[in-house]
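Only one structure is covered here, and it is reproduced in the block below.
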Amino acid sequence: MTNDIHLAFAHPSERAAATSVAPLDRISLREHIVDVEIGAFQAERGTTQRICFNVVVEVVPIADPLADDVDTILSYDRITEAIAHELAAERLNLLETLAERVADRVLLEPQAQRVFVRIEKLDRGPGALGVEIVRARDDLKPEIVEALSEAKPHPRVVYLSNEAIASAHLTTWIDWLQQQEAPVIFCVGLPDTQRLTTGHAMTQRRIDLLSIEQNGWSLAARDARCVVVDTRTEIDWGMKNDQISLWAPSKIVLDAVEGPKTQPRDAVALAAWLADTLDAEEFLVIGENAPEHMRGPVRIVPATRAALD
């Protein structure tokens, strides 16, 4: 009995450890406090209160070496993003509803097997008032999975030729793109400067990908709003947080199960592959011709044109 009482008030990580039936890894978010308007009582309307989140997610241990690769793990950002998304969706009366929705969103992650969510109001009494729920992947209803999966953003993938990168219109284009609703992901090609050649297909592919990344960094130097990213986790985070991402392709291309058939020297086609992979709202090509057989909408703009609309 004493142990049961202890576990009832213990941190979710202790409850997870005590109730696990298989050796699962766990990641946790502790004491995450957010000011939010929530509650069924009239006194809770029109004002915010502090809500504390403690979340523990059980994940299947990774069999292969991690290689210090953020794309192979469940990122902490996914937990905080799940909380932020549900808080922003609508005003809620019940902590129970909020906990259910956060748990559902976390369990959509491929690695997540079980989640413990504790939410407490810190300003409604002499102590913390809250709820705690436990949900497993098998608890997810198909209609919930379908509804939440549809919420993924559809970016505008923009390929910039070297002429476009050097254009005096670059800042104007970025200003316009930043004002649009769709997230923006920039792609670039090989630089005009001479690059190393090896005469060996595999090594040349890697060198060309790295050359594209160098060209991307030169674009980032021209406008600080362009943030160089090289993992799918960073791309997803950028799309959800109004960041203009600039794709460094090496890691994603080399790690892809079904990677692009094109070579890096055909950089527009490489960018088109990314647009297809991300289910882009639009593939915008500035200063080059578009590849054939694009699945989504493609728009071509000359590098000399000042306006993109």
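Every number in this text was worked out from the coordinates using simple rules, so none of it is lab data. On a predicted model such as this, the values are computed, not experimentally measured, just so you know. FYI the Cβ positions are ideal-geometry reconstructions off the backbone, even for glycines, and counts take in every protein chain you see.
Below are the figures for this structure:
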| item | result |
| --- | --- |
| Highest average packing first - 238-249, 119-130, Cβ atoms within 10 Å | 238-249, 119-130 |
| Cβ-based net charge around V36, under 12 Å, with every Lys or Arg adding one and every Asp or Glu removing one | -3 |
| Helix-only mean residue ellipticity at 222 nm for the chain, each DSSP H run of n ≥ 4 adding -39500 (n - 2.57), per residue, nearest 500 | -11000 deg cm²/dmol |
| Sum of side-chain charges, Q49 neighbourhood, beta-carbon under 10 Å (Lys, Arg +1; Asp, Glu -1) | -1 |
| Net charge over other residues, Cβ less than 14 angstrom from the Cβ of T197 (K, R count +1; D, E count -1) | +3 |
| Under-5 Å amide H pairs with V158, H placed in peptide plane, nonlocal only | I185, F186, C187, L284 |
| Gain on full stretching of the segment that runs from T47 to D25 - 0.36 nm per residue minus C-alpha separation | 4.1 nm |
| GNM top mover of P264, P12, P61 - the chain, alpha-carbon springs below 10 Å | P61 |
| Prolate/oblate/rounded call for the chain, Cα gyration tensor, a/c under 1.5 rounded | prolate |
| Residues with amide H under 5 Å from that of I244, placed H, sequence gap 5 or more | V227 |
| Between helix 76-89 and the chain: long-axis angle, C-alpha atoms, 0 to 90°, nearest 10 | 80 |
| Near-label residues of segment 175-209 by backbone N, under 18 Å of a point 7 Å along Cα→Cβ of Q263 | 189-209 |
| Chain lengthening between A84 and E143 when straightened (0.36 nm per residue, less Cα-Cα) | 19.1 nm |
| Beta bridges by DSSP in the chain, antiparallel share as percent, to the nearest 5 | 55 |
| FRET efficiency estimate (nearest 0.05) - Cβ-Cβ, D71 to R206, R0 22 angstrom | 0.75 |
| R195-E37 FRET efficiency (beta carbon distance; Förster radius 51 Å; 0.05 resolution) | 0.35 |
| Listed residues W237, Q263, L108: farthest to the positive end of the dipole of the chain (Cβ charges) | Q263 |
| Kirkwood-type radius of segment 2-149, with distances r between different C-alpha atoms, in Å | 16.3 |
| Within a Gaussian network of the chain (alpha carbon springs, distance under 10 Å), most fluctuating of E143, E163, E58 | E143 |
| ³J(HN,Hα), Karplus 6.51/-1.76/1.60, whole Hz, each residue of segment 210-219, x for Gly, Pro | 5, 5, 4, 5, 4, 5, x, 5, 5, 5 |
| Nearest-0.05 FRET efficiency for R299 and V227, computed from C-beta distance (R0 22 Å) | 0.40 |
| Dipole in debye (nearest 20) - the chain, about Cα centre, beta carbon charges: Lys, Arg +1; Asp, Glu -1 | 260 |
| Amide H partners (placed H, <5 Å) of G130, local residues excluded | K121 |
